[in-house]
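Asker: Pasting a structure below so you can have a look.
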Amino acid sequence: MNDRVFSRRTLIWLVLIGVLSFVGAFVASIYQSQIVQISSYGANSYSESAVGHKAFVKLLQKMNFRTRISRQMRGGFNFSDAKLVIEPQSVSGLSDTLNGFSGIGSLIVLPKWQVRQDPKNSRWVSTMKLRRPEQVGRILDYIGDDLILVQNGVTQTAENFTWDTDIFSLDRQLSVTGPQLIAHNPTVLRPLVYNDQGVLLAEVIRSDFFYDIDRTWVLSDPDVLSNHGLDNGGNAAFIVSVVDELTNGRVGGVIIDETSHGFAAEPSLWRKMFEFPFAVVTLLATVSVLFLVWSSFSRFGSPAKNKKEYQAGKEFLIGNTAELLAFGGHGALMLRQYADRSLQSVAFKLHAPKNIHSYELLEWLDRVGYARGIDTRGSDVLTAAEDLCKANRFNVLAAIRAAQNIHRWKQEMLYGTG
């Protein structure tokens, strides 16, 4: 009987599938960023639309900034890092991501546009309009008191900016369409880039503001770093200089927050188990457990039918017992026991003398048999059986014939030859 649960062919397929799955999971973990991508049309780091920041992230990476998009509200930073909170959607989103951050600097970029998704392309926008001043004003109120937003028409362009030459050494002018600026307020902000209409970039100077962060800057117009704004070389050079200054010449890393846009994903072992590519490992572990449980069963399906039908009755029971004893190597013992029992039975029924030796008993029975006209001698058949029992190799067929001879002799001695 074959005790293997799976056939050789099935085992080969299982091993092949397991190896391919492991290799696939390993490769997928390496290229996870290329395989798993978040698609968006809004003002965030995953968006390729006009108001998105994906080009800005790529620019920082090309300029060798240690850039990381963060989906965690707490932790996951070094004290030399700078955090960028670009166009937060609410005051709570801005507060949650900056509270608990203790880094070298932070940049808050005010929101500007309200957009609607293009029905023909989910990654683009169909329409965009300026946010209402009170919507952006809530963010300004969180940064400092008495800050006023200055919005201009979308058809205007501001290029005549002045910057702090101790910090920036720019050789090209910025260009902002429909500029969104902050009115001068020297008690709250120190202007870094400005014009006669207002401040584009400023540093928060209140001593009790974001006390765990070395310095916090505010950029009033996000178009400087948006996908459509980076087409201007002056804008690109300016925003790179801002990040370079915040990170002390790229000593620190850049953390771009995305929790304020609703992409928060706090670490969770259970969630990770069902996220790609870790879900592949979870699937493999589950399949392995199922196969282990499967292989622990002794058989599958309906019981295999035995070719030999079992019957009730004494004859079948005796035959089956004899087969078991023979299978266990007890044939010689069975033959010897049968010979001894037959001898004792004949002697008892013929009233043979008691307390005599075996050879004397056999002689007495032979004389009785001769007197009854029985040709078979008991000493011959019993001696033949004893010789078979003592042989080095037990002959089953010869033992059966010897047992038949003993049985014939017994029947003739007790009941005659008729």
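Asker: Indicate the gyration tensor shape class of the stretch 162-256 (rounded, prolate or oblate), computed on the Cα atoms with a ≥ b ≥ c the square roots of the eigenvalues: a/c under 1.5 is rounded; otherwise a/b larger than b/c is prolate and the rest oblate.
Answerer: It is oblate, given that a/c is not under 1.5 and a/b is not larger than b/c.
Asker: How far is it, in nm, from the label point at Lys354 to the one at Glu203 when both lie 7 Å from their Cα along the line to the Cβ?
Answerer: That separation, rounded to one decimal, is 12.8 nm.
Asker: Additional query: Once phi is turned into θ = phi - 60°, what whole-Hz ³J(HN,Hα) does the Karplus curve with 6.51, -1.76 and 1.60 give for every residue of the stretch 240-245, x standing for Gly and Pro?
Answerer: In residue order, the calculated couplings are 5, 5, 4, 5, 4, 5 Hz.
Asker: With a 1.4 Å probe and every protein chain left in place, tell me how much accessible area Leu283 has, in Å² to the nearest 10.
Answerer: Roll a 1.4 Å probe over it and Leu283 shows about 110 Å².
Asker: Between Gln404 and Arg74, what length comes free when the chain is fully extended (0.36 nm per residue of separation minus the Cα-Cα distance, one decimal in nm)?
Answerer: Stretched out fully, the Gln404 to Arg74 stretch lengthens by 109.4 nm.
Asker: Also, quick follow-up: What is the extension gain from Phe263 to Gln117, computed as 0.36 nm multiplied by their sequence separation minus the C-alpha to C-alpha distance, in nm to one decimal? Can you show the working numbers first?
Answerer: On the way: separation 146, 0.36 × 146 = 52.56 nm, distance 1.80 nm.
Fully extending the segment from Phe263 to Gln117 adds 50.8 nm.
Asker: How large are Rg and Dmax for the stretch 333-385 when calculated on the C-alpha trace, in angstrom?
Answerer: 10.8, 32
Asker: Taking amide H positions as placed in the peptide plane 1.01 Å from N, state which residues far from Trp124 in sequence (5 or more) or on other chains have amide H under 5 Å from it.
Answerer: Correct list: Asp118.
Asker: Given a 1.4 angstrom probe, what's the average accessible area per residue across the stretch 66-212, in square angstrom?
Answerer: Accessible area per residue, the stretch 66-212: 51 Å².
Asker: Can you pull the percent of the stretch 216-259's accessible area that's carbon plus sulfur, 1.4 Å probe, other chains left in place? Intermediate values should be presented prior to the final figure.
Answerer: Values: 420 of 940 Å².
The value for the stretch 216-259 is 45 percent carbon and sulfur by accessible area.
Asker: For the stretch 351-358, what does the Karplus curve 6.51 cos²θ - 1.76 cosθ + 1.60, with θ = phi - 60°, yield as ³J(HN,Hα) per residue in whole Hz, taken in order and with x for Gly and Pro?
Answerer: These are the phi-based 3J(HN,Hα) values: 6, 6, x, 8, 6, 10, 5, 4 Hz.
Asker: Now a separate question. Rounded to the nearest percent, how much of the accessible area of the stretch 35-178 (1.4 Å probe, protein heavy atoms only) is carbon and sulfur?
Answerer: The computed percentage sits at 47.
Asker: Sorting Lys354, Lys83 by accessible area (1.4 Å probe), largest first, what list results?
Answerer: Order by accessible area, largest first: Lys354, Lys83.
Asker: How about the stretch 360-406: which trypsin sites (Lys or Arg not before Pro) there lie in a loop by DSSP and see at most 12 other Cβ atoms within 10 Å?
Answerer: Numbers: sites: Arg367, Arg372, Arg377, Lys390, Arg393, Arg401; in loops: Arg372, Arg377, Arg393.
Answer in residue order: Arg372, Arg393.
Asker: Turning to a different aspect of this structure: Taking all protein chains as present, what is the carbon and sulfur share of the accessible area of the stretch 363-418, in % to the nearest whole number, probe 1.4 Å?
Answerer: Working: 1820 of 3760 Å².
Heavy-atom surface of the stretch 363-418 belonging to carbon and sulfur, 1.4 Å probe: 48 percent.
Asker: OK, next. Amide H neighbours of Ser47 under 5 Å, at least 5 residues apart or on other chains, H built in the peptide plane: list them.
Answerer: Those qualifying (amide H under 5 Å, at least 5 residues apart or on another chain) are His53, Lys54.
Asker: Stretched out fully, how many nm does the piece from Asn160 to Asp145 gain, at 0.36 nm a residue minus the Cα gap?
Answerer: Numbers: separation 15, 0.36 × 15 = 5.40 nm, distance 2.73 nm.
Net length gain for the segment: 2.7 nm.
The values are calculated or read from the model by the stated rules, or taken from the named source; none is laboratory data. These figures come from a predicted structure and were not determined experimentally. All Cβ positions, glycine included, derive from the backbone under ideal geometry; neighbour counts span all protein chains shown. Accessible surface areas use protein heavy atoms only, side chains included; no ligands, DNA or RNA. Shrake-Rupley method; radii C 1.70, N 1.55, O 1.52, S 1.80 Å.
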